[in-house]
Amino acid sequence: MSNKMWGGRFATGPDAIMEEINASIGFDQRLYAQDIAGSKAHAAMLAAQKIIAAKDAQKIQKGLDTILSEIEAGKFSFKRELEDIHMNVESRLAEIIGAPAGRLHTARSRNDQVATDFRLYVRDTVDALDAQIADLQVALSEKALAHAATVMPGFTHLQTAQPVTFGHHLMAYVEMLGRDRGRLADARKRLNESPLGSAALAGTSFPIDRDATAKSLGFDRPTANSLDAVSDRDFVMETLSAASICAIHLSRFAEEIVIWTSPAFSLIRLSDAFTSGSSIMPQKRNPDAAELVRAKAGRIIGALTGILVVMKGLPLAYAKDMQEDKEGAFDAFSSFSLVIAAMAGMVRDMEPDAARMKAAAGQGYATATDLADWLVRTLNIPFRDAHHVTGRIVGLASERNLPLHRVPLADMQQVEKRITQDVYSVLTVTASVRSRTSYGGTAPARVRQQARRWLKKLGAA
């Protein structure tokens, strides 16, 4: 009995192990909507070009609509022996409409078919992810606006550096996410070319209209080289790269949430909705959602690494190795969507402990830079000299276990006699953040300005 997919060239069916390693229907069935859309566009073009009869194209269109309904209703039986989504759809189409189904594959190959399907899928995914990231930006901007003047410690090396505001800190992630959306948009723009019509690798002798199918599927244009079209997976790698960078941003934020919710910091609180308890320690409130956001970044980065390794040694054009481009990507995109949703939920849920934040902001002599700046502005001391004077005053404060704004004026004047009572106006954490009025600074007025700008840009003002 000959193989029903390969016809006369193969006299027998595949070995069970071959079937196991070769089949992709277990995961590429996710491409059903894109596969059917591509087939409908192809059939319509074949009829318009008089390559197949209009009546056959009509039957094909109707049959494909039936298959789409069956899949969406959960009534479609995917068959492993048919390998992939393309052959499963085509086989079912033959059962529904008979001989005209055999005309659908005219002037195309599974090579250009899967490349088209996957581009459509990635494009749809990018659009959905962009909307999710925009929602996270809204959540962050709204929270930042509400806490534009809530003082907290700013850190470098995880050591107290200078006072900032909670709103300013949150807006940093809005900016990062803006760049992430830009990278995804760039990837979408580059992927939006149609491989359909490239056939196996060399194009086709049939008088097809590739512009028509590209337009029908929402592509900007057809791809210009058939070899490149069927062997290119840049669009997946680039999208996964953009997703990985964004996942790193979210992982960094998740790490901060883990730190901030710990008893040692106690800067913010998450409700029961985004935390869990311990099976043995009743006092525990664990930031599991944040920890899982942090961990799932590894899955996304791993998927990128996986496809880079698959593609690195492949000659042109198509090779079966490229079947491994999808499963990791599907998992990565699903994980990415989940972590964005989880982070948006945590942002809306989290509440800062304003009193604790303000107290922590004053620890570690966080206003030392404000003292140095005052010396430069008021006494016209070169900054390097002011830095030295400030260091001596900080050392004195440390010896006496006093915050800077509690060091007596007389003691400061022993270090620099020209210091006046006015110095105390810059030594509180509130005064410090209010003074940072440079564009992009942490002054509450600047934070409100940036939060409102983003909310307007996001259509949420």
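Computed values, structure above
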{"read-out": "Over the chain: helical MRE at 222 nm, DSSP H runs n ≥ 4 each giving -39500 (n - 2.57), nearest 500", "value": "-20000 deg cm²/dmol"}
{"read-out": "Solvent-accessible surface (1.4 angstrom probe) belonging to ASP124, in square angstrom, nearest 10", "value": "70 Å²"}
{"read-out": "For the chain: relative contact order, % (alpha-carbon pairs under 8 angstrom, 6 or more apart)", "value": "17 percent"}
{"read-out": "Segment THR437-ASP130, extension gain: residue separation times 0.36 nm, minus the distance between their alpha carbons", "value": "107.3 nm"}
{"read-out": "Per residue accessible area in Å² of the range 417-457, where ligands, DNA and RNA are left out and the probe is 1.4 Å", "value": "59 Å²"}
{"read-out": "The range 24-39 versus the range 52-85: alpha-carbon centroid distance in Å", "value": "11 Å"}
{"read-out": "Segment LEU292-ARG418, length gained on full extension (0.36 nm per residue, minus Cα span)", "value": "39.9 nm"}
{"read-out": "Portion, in percent, of the accessible area of the range 174-330 that falls on carbon or sulfur, probe 1.4 Å", "value": "54 percent"}
{"read-out": "Degrees separating the helix 327-349 axis from the principal Cα axis of the chain, which is the longest one", "value": "40 degrees"}
{"read-out": "Within the accessible area of the range 64-127 (1.4 Å probe), percent carbon and sulfur", "value": "44 percent"}
{"read-out": "The range 93-114-the range 170-227 distance, computed between alpha-carbon centres (Å)", "value": "23 Å"}
{"read-out": "Pairwise label distance in nanometres, ASP228 with GLU399, each label 7 Å out on the Cα-Cβ vector", "value": "7.1 nm"}
{"read-out": "1.4 Å probe accessible area per residue over the range 173-264, in Å²", "value": "42 Å²"}
{"read-out": "Helix axis angle, 383-400 relative to the chain longest principal axis, alpha carbon, degrees", "value": "70 degrees"}
{"read-out": "Equivalent ellipsoid semi-axes - Cα gyration tensor, the chain, angstrom", "value": "62, 22, 19"}
{"read-out": "Gain on full stretching of the segment that runs from SER266 to GLN58 - 0.36 nm per residue minus C-alpha separation", "value": "68.3 nm"}
{"read-out": "Cα→Cβ-extended label distance, 7 Å offset, between ALA410 and HIS157, nm", "value": "3.5 nm"}
{"read-out": "Accessible area (Å², per residue) of the range 299-380, counting only protein heavy atoms and a probe of 1.4 Å", "value": "43 Å²"}
{"read-out": "Angle in degrees between helix 166-191 and the longest Cα principal axis of the chain, rounded to the nearest 10", "value": "20 degrees"}
{"read-out": "For peptides 77-83, 330-336, 349-355, sequence by mean Cβ density within 10 Å, most packed first", "value": "330-336, 349-355, 77-83"}
{"read-out": "Computed E for LYS75/ILE259 - FRET, C-beta separation, R0 60 angstrom, nearest 0.05", "value": "0.75"}
{"read-out": "Virtual spin-label span in nm between GLN29 and ARG452, 7 Å along Cα→Cβ", "value": "5.4 nm"}
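The values are calculated or read from the model by the stated rules, or taken from the named source; none is laboratory data. Every value quoted in this text rests on a predicted model; they were computed, and no experiment measured them. Counting neighbours? That spans all protein chains shown, and the Cβs are built from the backbone with ideal geometry, glycine included. Each accessible area value is taken on the protein alone, full model and side chains, heavy atoms only, with ligands, DNA and RNA left out. Shrake-Rupley method; radii C 1.70, N 1.55, O 1.52, S 1.80 Å.
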